[in-house]
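Below: one structure, written as structure tokens.
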Amino acid sequence: MKLNLKNPLAFFDLETTGTNTSHDRIVEISIVKAMPSGEVITKTMKINPTIPIPLETSLIHGIYDEDVKDAPTFKMVAKEFSKFLEGADLGGFNILKFDIPVIVEEFLRAEVEFDVSKRKLVDAQKIFHAMEKRTLGAAYKFYCGKTLDGAHSAEVDTKATLEVFEAQIERYENEKVVDNLGKELGEIKNDMKVIHDLFTSNMVDLRGSMVMKDGIEVFNFGKHRGKPVTEVLQREPGYYDWMMRGDFPLDTKNKLTQIKLRGFNK
């Protein structure tokens, strides 16, 4: 099935030094870019993370310090990847909670512009969990009828995810999506904006510390979960300072500052 694309759709996967989106670094990146013409372009690269790769992490993805010691740092190739992803929507498996926050953090460290707010984001895992209520290997077996050999290789995982997403669109097009409370969210369409709006439109920051609820930003964690961000910052100004000093991604801190400044300018 050919995807109905208005923009290039870049599926990507990262292998990293760990699972902390604020501090861990990329050791391998693979992008499979599906073009509206039907052409598919693959770009895979090892990255020197500039910090040691823990042994327990290397045992999972098979990439060790020795494998990346001569590889470029992300800062060295950030502009190259920004150019490759220019104008492309982004897709992957579990990218909303991990891969996008990590790559945005890397671009921010490299001081290279990479704005995801104008891109449509499609996460095959979101569709999988919403429609079938489970890993990439299981999704690949279920949707494509194949066994995923070479899992945890960025390129293998990325190509498999693109196949899974295509099969999901073919299987679920025009079917209704219902949340865990029985609320109807909409219908699956072969349209990246529809997919984006169904599964990611309530995001404020990429980590999910803040979400949209009834048209306003609310905190999505801790003692202020569900409370409007502007209201909390007005009543408890020190909460902003605590978050800015805390272990939050730069993206979260930037979004929080934007909301705070907007409130002062009203």
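The values are calculated or read from the model by the stated rules, or taken from the named source; none is laboratory data. This is a predicted model, so every value here is computed, not measured. Because the Cβ atoms are built from the backbone with ideal geometry, glycine has one as well, and the counts that use them run over all protein chains shown.
Figures for the structure shown
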{"quantity": "Segments classed as helices (runs of 4 or more DSSP H), wholly inside the stretch 98-158, with at least 3 members that are among the charged types (D, E, K, R)", "calculated": "100-110"}
{"quantity": "Single residue of the stretch 170-209 satisfying the filter (among the aliphatic types (A, V, I, L, M) and closer than 22 Å to Arg225 by Cβ) that is farthest from the chain's Cα centre (by Cα)", "calculated": "Leu181"}
{"quantity": "Residue match in the stretch 185-196 (condition: charged (D, E, K, R), outside the structural domain of Ser30 (by TED's automatic domain parsing), surrounded by 13 or more Cβ atoms within 10 Å (Cβ to Cβ) and part of a helix (DSSP H, G or I))", "calculated": "yes"}
{"quantity": "Output for the stretch 224-241, where each listed residue is acidic (Asp, Glu) and in a helix (DSSP H, G or I)", "calculated": "Glu231, Asp241"}
{"quantity": "Enumerated strands (runs of 3 or more DSSP E) restricted to the stretch 1-80, each holding at least 3 residues that are over 30 Å from Lys189 (Cβ atoms)", "calculated": "26-34, 40-46"}
{"quantity": "Tabulated pairs, the stretch 129-154, first more than 28 Å from Tyr64 (Cβ to Cβ), second assigned to a loop (DSSP other than H, G, I, E, B) and aliphatic (A, V, I, L, M), C-beta under 8 angstrom, 6+ apart or interchain", "calculated": "Met131/Ile188; Lys141/Leu148"}
{"quantity": "Ile169 being surrounded by 14 or more Cβ atoms within 10 Å (Cβ to Cβ), assigned by TED's automatic domain parsing to the domain that holds Glu28, out of contact with any helix residue (DSSP H, G or I) (no Cβ under 6 Å at 6 or more places or on another chain) and of a type in the set (A, V, I, L, M, F, W, C)", "calculated": "yes"}
{"quantity": "Pairs with Cβ under 9 Å, 6+ apart, first in the stretch 234-250 and more than 22 Å from Asp99 (Cβ to Cβ) and surrounded by fewer than 14 Cβ atoms within 10 Å (Cβ to Cβ), second hydroxyl-bearing (Ser, Thr, Tyr) and at pLDDT 95 or above", "calculated": "Met244/Thr257"}
{"quantity": "Close pairs from the stretch 72-92: first of a type in the set (Lys, Arg), partner not in a loop (DSSP other than H, G, I, E, B), Cβ under 6 Å, at least 6 apart", "calculated": "Lys75/Ala110"}
{"quantity": "Residue check, Lys120 buried (at least 17 other Cβ atoms within 10 Å of the Cβ), touching a His at 6+ places or on another chain (Cβ under 6 Å) and either under 24 Å from Ser201 (Cβ atoms) or modelled with pLDDT under 90 (or both)", "calculated": "yes"}
{"quantity": "Single match in Lys227, Lys223, Lys253 (criterion: of a type in the set (D, E, K, R) and closer than 26 Å to Lys120 by Cα)", "calculated": "Lys253"}
{"quantity": "Pick from the stretch 137-162, criterion among the acidic types (Asp, Glu) and at pLDDT 90 or above, ranking: farthest from Val27 (Cα to Cα)", "calculated": "Asp157"}
